[in-house]
Structure formats: structure tokens, C-alpha cells
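Engineer: Quick one: this structure, given as C-alpha cells, is what I'll be asking you about.
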Amino acid sequence: MQFGYTILYVEDVPKTIAFYEAAFGFVRRFVHEAGDFGELDTGATALAFSSLRLMSELGKNPQRASADAPSFEIAFTTADVAAAVQRAVDAGARLVQAPEQMPWGQIVAYVADINGALVELCTPVGPPAV
């Protein structure tokens, strides 16, 4: 089995795709012509978005994300967390936590995307020191 993709439920799929392109530098795979589904190329696993409207039509009860009371987070690794945070904020993200050095050596920051989803920006986690 292989992890294929994660889907976030959002109000406006094309606007969210454009935000993730500007804020994090991802490349759009596609946005369906109806505008209710789209994917970004993020490597081996795609990040996808589906509209809240479509999910409701399919009989789901989708909830909006909230960075202040998150039920999930997505994380993107980068060598320069401070620059990544600045790019995201410049694109419209809200700073939740400034970059901070963790006791285990990783630098971690958090922003909220334009839909309220919590996004962690961090340096890669390395193997434990021997």
C-alpha cells in the first residue's frame, strides 16, 4: 500500500491552489473545470483540495479548518524556515508561531493558510545522534 494524497476541504479550490503556489512554491497538477477539486504536485504524495460545497453534495458533513483549534496539521520541510514563513505571510498566511529552535535541533514555525488550516514549516528531522 502507498499513501496517495491528502484532501483538505476548502471554500474556494482555485483560490486555495493559487495561495499554495504563491505561499509555498508548489506547482499545480490540475484544477477540475468545475472548480471543486484540484491537486498540487508536492512530491510522492499529492496535496489535494475539494470544495465544502461538493463534499456536502456527496452527503458528507465537512468542517472548516481552524488553526486555533486544529484537528490536523500539514507540514512542509525546508532548510530556511524563516524565509518560508515570510513568503507564506507575504502571500496571505497568518503567523501562528514564529520559528523556534526545538530541543531536538529542529526549527519549527506555524502559519494558518487562507482557510484556517494549520501549516507547520520546519527543517527536516534528522536521524538521532549516535
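The values are calculated or read from the model by the stated rules, or taken from the named source; none is laboratory data. Please read these numbers as outputs of a predicted model, since none were measured by experiment. Counting neighbours? That spans all protein chains shown, and the Cβs are built from the backbone with ideal geometry, glycine included.
Engineer: If you go through region 18-26 one residue at a time, do you hit one that is in a strand (DSSP E or B) and either without any contact (Cβ under 8 Å) to a residue 40 or more places away in the chain or within 12 Å of the chain's Cα centre (by Cα) (or both)?
Structural biologist: no
Engineer: Separate question: Just one of (1) closer than 28 Å to residue 51 by Cβ; (2) at pLDDT below 95; (3) small (Gly, Ala, Ser) trips up residue 105, so point out which.
Structural biologist: (1)
Engineer: Just checking, does region 54-67 include any residue being within 23 Å of residue 109 (Cβ to Cβ), of a type in the set (A, V, I, L, M) and either at pLDDT 95 or above or in contact with a Gly (Cβ under 6 Å, 6 or more places away or on another chain) (or both)?
Structural biologist: Scanning region 54-67, I find at least one residue that is within 23 Å of residue 109 (Cβ to Cβ), of a type in the set (A, V, I, L, M) and either at pLDDT 95 or above or in contact with a Gly (Cβ under 6 Å, 6 or more places away or on another chain) (or both), so the answer is yes.
Conditions (1) free of Cβ contacts under 8 Å to residues at least 12 places away in the same chain; (2) among the charged types (D, E, K, R), marked per residue:
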residue: 7; (1), (2): no, no
residue: 48; (1), (2): no, no
residue: 61; (1), (2): yes, no
residue: 69; (1), (2): yes, no
residue: 78; (1), (2): no, no
residue: 94; (1), (2): no, yes
residue: 110; (1), (2): no, no
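Engineer: I would also like to ask the following. For region 6-17, which residues satisfy the criterion of being within 12 Å of the chain's Cα centre (by Cα), not aliphatic (A, V, I, L, M) and not in a helix (DSSP H, G or I)?
Structural biologist: 6, 9
Engineer: For region 20-45, name all the residues that are crowded, with 18+ Cβ neighbours inside 10 Å, of a type in the set (Gly, Ala, Ser) and farther than 17 Å from residue 118 by Cα.
Structural biologist: 38
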